[in-house]
Every structure is written in C-alpha cells, then in structure tokens.
1. Mind checking which residues of the range 22-46 are free of Cβ contacts under 8 Å to residues at least 40 places away in the same chain, within 23 Å of residue 111 (Cβ to Cβ) and in a loop (DSSP other than H, G, I, E, B)?
2. Looking at (1) at pLDDT below 90; (2) within 26 Å of residue 134 (Cα to Cα); (3) touching a strand residue (DSSP E or B) at 6+ places or on another chain (Cβ under 7 Å), which is the one condition that is false for residue 86?
3. Checking the structure you have, find out if any residue of the range 6-15 is assigned to a helix (DSSP H, G or I), in contact with a helix residue (DSSP H, G or I) (Cβ under 8 Å, 6 or more places away or on another chain) and at negative phi.
4. Output the residue which, of all residues in the range 47-89 that are in a loop (DSSP other than H, G, I, E, B) and under 12 Å from residue 21 (Cα atoms), is farthest from the chain's Cα centre (by Cα).
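The values are calculated or read from the model by the stated rules, or taken from the named source; none is laboratory data. Remember, predicted model here, so these are calculated numbers, not experimental data. Note that each Cβ is placed from the backbone with ideal geometry, even for glycine, and that neighbours are counted across all protein chains shown.
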C-alpha cells in the first residue's frame, strides 16, 4: 500500500512540474459518488478542474447515456515513455500487473475506444462544473 501511495505522489509531482502529460477517462459515476461527504467531493471536483487548467491534464467523462463500455470492470494506465516501449499498469485487488507488447497494443485500442465514447475535454469540464455547482454547492 505504501508503494502505491509513493507512486501516486511521485506521479502527481511529475504532473505539477509539467514533466508528465496525463489523459484520464472517467466514468460519470465517479463524479456523483458520495465518499467523504459533500465538502470532500466538492474539493475533489475542484481539483480536477484546476488540474486541467494548470497542468498538462486532459479529462474526458464517459456519460451515463453511453451505457456499457470496454473496461467497465477494470482500470488501467498506459505509460508512454520517451525512450523505449511503453507499459500498461493494471491495479488489481490481489496485486498490480505490468504489461507490454501485444497487451500494450490491446489496451491502447481500448483506451482510444474509451476516448471516442467520452465527451470532449471541453464538454467534460462543463459537466464537472455543473455537477459541482448543483450537487455539491461549491
């Protein structure tokens, strides 16, 4: 668990320093889920909006109306490196998995499909703002 936290802290540092570009595709459900109370979720939504404005972060939301989509039951991160092949990081309940080669290619196809199903970054930002303002009383 400490390794996961350390990795996330390091990734956040790279993003805030502008050395890492991040594209995230989120299910609309995560924007509505009440974890930690209204104040906490409002701060989280604000942090998403701030990240898009301040750093190299693109957020796209898959709206409920899209129904089922590829990878609904799992999440993954594709790490493209400046040098060498990229790698896919899959975080699971029983451990983490790193994949390369063909698996990387399959995940890239799924990720592109997710992005095509999602709202544009501009429309996603508008949705996040609306949810924050109407449900969480910013």
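1. 33
2. For residue 86, the failing item is (2).
3. Yes, the range 6-15 has at least one match.
4. Within the range 47-89, the subset in a loop (DSSP other than H, G, I, E, B) is 55-56, 63, 67-75, 80-86.
Filter once more, so that each one left must be under 12 Å from residue 21 (Cα atoms): 55-56, 80-82.
Values: 55: 14, 56: 13, 80: 15, 81: 18, 82: 21 Å.
Checking each candidate, the answer is 82.
Condition check ((1) modelled with pLDDT under 95; (2) surrounded by 12 or more Cβ atoms within 10 Å (Cβ to Cβ); (3) assigned to a helix (DSSP H, G or I)) across all residues:
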| site | (1), (2), (3) |
| --- | --- |
| 98 | yes, no, no |
| 106 | yes, yes, yes |
| 115 | no, yes, yes |
| 124 | no, yes, yes |
| 132 | yes, yes, yes |
